Amino acid sequence: MGTVFLNVMDPDEVKEIIESLQIQRKIETIHLSNVYQRVLAEDIYASIDLPPFDRSAMDGYAVRAQDTFGASEDNPITLDLIEKVGAGDVPREKVGEGKCTEIGTGAPMPEGADAVVMVEFTDIQDDRILVSEAVAPGANMAACGSDLKKGELLLSKGTLLTPEKIGVLSAIGLSKAPVFAKPTVAVISTGNELIKPDQELQHGKLYDINSETISNAVKSCGCIPLYSEIVKDDYSSIKSKINEFKHADVIITSGGTSAGAGDVLRRVADDMGRVLVHGISVKPGKPTLIGTLPDEDVDIILFGLPGYPISALMIFESFVAPFLREMAGISDYADKKESFTVKLAQRYHSARGRSHLVLVKIEGDIASPILKDSGAITAFAEADGYFEVPKNVEIIEKHEKIEVMPLSGLF
C-alpha cells in the first residue's frame, strides 16, 4: 500500500506555514537598461544637487528682477542684450544693471541674473530688449538643489523601478542600480505517461502541459523558471532530478503527490529533507506537498503540486504565487489584483469539509461556474477568474453574490 497523508490541513493553516518559511533575498547590481520592473534592494541617495546649477525654466531673458519693476505693455523697460546662452552652454558674461542675456529652457543662469522674463513678454529692437511685464526674483527659473539636495533620499529600498523611477536614477548620473535578484525556480513535471509537445502522440501517452503553464506562472511572479526534462515517476529519477536542481531557490514539481502506491515524491522528500504539508483541505489540489531541503545558507523550498493541470495551477495561484512574489520582493505591487462582486448564474453544490476553488466565466455581472474536472485544461481557456466556497458551505443559490478573484493582471 502507498503512503497515506500525514495530516490534511486547513488552507489557512497551510498559508501560515508558507508565510513562516525563511526567505533570503539576493542582491545584484545591474545596468539601468535592465532594471525595468525590478525592485530596488537599497535606499538610493542623491549624489548631486538637482538641478545641479541654477537654470532657466523658460525660453526668455535672464535679468535682474529689480530692473523689470514697473514694466508694462504701455510702459516697457529697455535692457541691453549682452549674450545668448542655450542649453549646455556656459554663460561668460555677468548680467549687470540694465543688462540681460537671451536664455533657452534648461540653460545655466548667468552670474548676476535672478529671474527670467518669458519671451512672450518681450520685443526686440536691435540689441535692446523691451520688457513689458515685471518679474519677481526667482521667477521662471529653478535654483540649484531646489528639486533635491545632495545626500537626500531619492528612492527607497523596495521601490518598483518603473520608467519614471529609472529616469530619476538617470538624473543623478547612475548607470547601475542594486536590485533584488530574481529567485530561480526549478519546474519539474513527473509522470510515466508524459511526453514533450514535439513528440508523436501514442496511445496511453499525454502531452506535458504543466511545464509550460507553471513556468510562465513562475515568470509572472518575478522569478526565473529553470526548465527540466520530464521525469519518470520513480524514486531514483525524482531524487536525481531534485539533486540536479539543488542550486535553485525553489523547486516545484507536478504529479507524484497522491497517496497511491505509484507516487513517490513523499518518500523522496522525507529522505532528502522535511515534509511540512502533505494534504490540503481544498478542492482541487488536496494532495499538495510542501517541504524543505537542507542547504548551506537557507533551506530550498519544495512545492509538490498535483499532476492535473487545473489542480496544479489553482494551488499555484492560491498558495505558491504569493510566496514567490514575496521572495522576489514584488508582493507590494503584484498582489493588487482586486476582487469583484458578481451574481452566480446557477445554483452551486459543494461537498462539505473542503474549501472549493471554482473557476468561472464572467458575462456582464453574471458568473457561470465552469464544471469540468481538474484534468480539463480547457477550463482555463474559458475562465475569467475563480471564487472560493468555504468548507462549511454546501450550497450557493442562483443569483447569490460571490466575490471573484481575476486570473489576469499578474506581475
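Table for the structure above
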quantity	calculated
Computed log₁₀ I(q)/I(0) - Debye formula, equal Cα scatterers, no solvent, the range 1-145, q 0.15, 0.19 Å⁻¹	-0.78, -1.02
In Å², nearest 10: area of residue 246 left accessible to a 1.4 Å probe	60
For the chain, built as a Gaussian network whose Cα springs stay under 10 Å, the top-fluctuating residue of 153, 130, 344	130
Correct choice for Rg/Rh (Cα atoms, Kirkwood Rh) that was computed from the model, options [x] 1.01; [y] 0.98; [z] 1.23	[z]
The chain: relative contact order in percent, alpha carbon pairs under 8 Å with at least 6 residues between	16
Trypsin sites (Lys or Arg not before Pro) within the range 106-209: DSSP coil, no more than 16 neighbouring Cβ in 10 Å	149, 150, 157, 205
With all protein chains modelled, accessible area of residue 213 [1.4 Å, Å²]	40
Positive-end extreme of charge dipole, the range 266-332 - chosen from 272, 320, 284 (charges on Cβ)	284
Between helix 210-220 and the chain: long-axis angle, C-alpha atoms, 0 to 90°, nearest 10	30
Global geometry of the range 287-361, whether rounded, prolate or oblate, following the gyration tensor of its Cα atoms and the 1.5 cut on a/c	oblate
Out-of-range pairs (alpha-carbon distance over 22 Å; input 286/391; 15/241; 219/343; 232/372)	15/241; 219/343; 232/372
Spacing of the two label points (7 Å from each Cα toward its C-beta) at residue 247 and residue 87, in nm	4.7
Net charge contributed by nearby residues that have their C-beta within less than 15 Å of residue 50 (K/R +1, D/E -1)	-1
Using alpha-carbon coordinates, inclination of helix 235-244 to the longest axis of the chain, degrees	20
For the chain, calculated [θ]222 nm from helices alone, where every DSSP H run of n ≥ 4 adds -39500 (n - 2.57)	-4500 deg cm²/dmol
Choice from 319, 245, 69 showing the highest fluctuation, given a GNM over the chain with Cα pairs closer than 10 Å	69
GluC sites (Glu not before Pro) restricted to DSSP loop in the range 324-370 with at most 16 other C-beta within 10 Å	338
Among 142, 321, 87: highest mean-square fluctuation, GNM of the chain, C-alpha pairs under 10 Å	87
Exposure of residue 234 as accessible area (Å², to 10), given a probe of 1.4 Å and all protein chains	60
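The values are calculated or read from the model by the stated rules, or taken from the named source; none is laboratory data. Computed from a prediction, not measured in an experiment: that's the story for all the values here. Positions of Cβ are backbone-derived with ideal geometry, glycine not excepted, and every protein chain shown enters the neighbour counts. Note: areas computed on protein heavy atoms with side chains; ligands, DNA, RNA excluded. Shrake-Rupley method; radii C 1.70, N 1.55, O 1.52, S 1.80 Å.
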